[in-house]
Amino acid sequence: QLQLVESGGGLVQPGGSLRLSCAVSGFTLDYYAVAWFRQAPGKKREGVSCISTSDVIKYYGDSVRGRFTISRDDAQNTVYLQMNSLKPEDTAVYYCAADNYRTCSLLYEYIYWGQGTQVTVSS
């Protein structure tokens, strides 16, 4: 009933770009904060970016700030993560998550999660 589905992952060379999408179904996105997390094998899950309702607040993890851009289209119930200047260190499974927070934080616990999409940055 409440689903998040990520797409747009793939293999890209260092310096390249990818655009990830998170499609939401089962609820309207207007009043939900959305975050992107990533997890590489053997590593803990890392917060990447989050966006609040009405684009009021956006946060980025230190490792991606200046390279990644988060945006949302509430009419289409979709959140995007534009990833530029990709590095091998960005290789991970990327997950989107949502909850009905008024703002956003990478420290929050999110109740709704997608299944993830693989991003591989390699020559």
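Every number in this text was worked out from the coordinates using simple rules, so none of it is lab data. Only a predicted model underlies this, so the values are computations on that prediction, with no experimental measurement involved. With ideal geometry, Cβ positions are generated from the backbone for all residues, glycine too; neighbour counts draw on all protein chains shown.
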Margin query: Please compute the contact order of the stretch 30-111 in relative form: average sequence separation of alpha-carbon pairs under 8 Å and at least six residues apart, divided by the residue count, as a percent.
Written below: 41
Notebook entry, point to check: Could you give P(r) for the chain, binned at 10 Å from zero, as whole percent values over all Cα-Cα pairs?
Noted result: 15, 50, 30, 6, 0
Check: Once phi is turned into ³J(HN,Hα) by the Karplus curve 6.51 cos²θ - 1.76 cosθ + 1.60 with θ = phi - 60°, what whole-Hz value does each residue of the stretch 47-62 show in order, with x for glycine and proline?
Finding: x, 9, 6, 8, 9, 8, 4, 6, 6, 5, 10, 9, 10, 9, x, 4
Next item on the list: Please give the net charge around residue 32, taking every other residue with its beta carbon less than 15 angstrom from that of residue 32, where Lys and Arg add +1 and Asp and Glu add -1.
Entry: -3
